[in-house]
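Here's the structure we're looking at; comments come further down.
The values are calculated or read from the model by the stated rules, or taken from the named source; none is laboratory data. Remember, predicted model here, so these are calculated numbers, not experimental data. Here the Cβ positions follow ideal geometry from the backbone for every residue, glycine too, while neighbour counts run over all protein chains shown. Keep in mind that these areas ignore ligands, DNA and RNA; they rest on the heavy atoms of the full protein, side chains included. Shrake-Rupley method; radii C 1.70, N 1.55, O 1.52, S 1.80 Å.
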Amino acid sequence: IPIDFRVYDRPRDGKTKNDLCREIILSLVERGFNIRYICFDSWYSSKET
């Protein structure tokens, strides 16, 4: 069930795809979701994430 998303537009907001990924994860934690698994495609893979 999709519960959050972001639109990638680096020229406008300056955020990388990994920045957006981390924003989503932090947002879900702040909203109180108790999540066991999160699925992202491989474009969002990085050591920091």
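Going through segment 18-49 one residue at a time, which ones are of a type in the set (Ser, Thr, Tyr) and not in a helix (DSSP H, G or I)?
TYR37, SER45, SER46, THR49, listed by residue number.
Can you run down the residue pairs with Cβ atoms below 8 Å, 6 or more apart or on separate chains, where the first is in segment 30-46 and at pLDDT 90 or above and the partner is part of a loop (DSSP other than H, G, I, E, B) and surrounded by 10 or more Cβ atoms within 10 Å (Cβ to Cβ)?
Cβ pairs passing all conditions: PHE33/ILE3.
Just checking, how many residues over segment 3-38 are open to solvent by 60 Å² or more (accessible area, probe 1.4 Å), among the charged types (D, E, K, R) and more than 14 Å from THR49 (Cβ to Cβ)?
Residues flagged as open to solvent by 60 Å² or more (accessible area, probe 1.4 Å), among the charged types (D, E, K, R) and more than 14 Å from THR49 (Cβ to Cβ) within segment 3-38 amount to 5.
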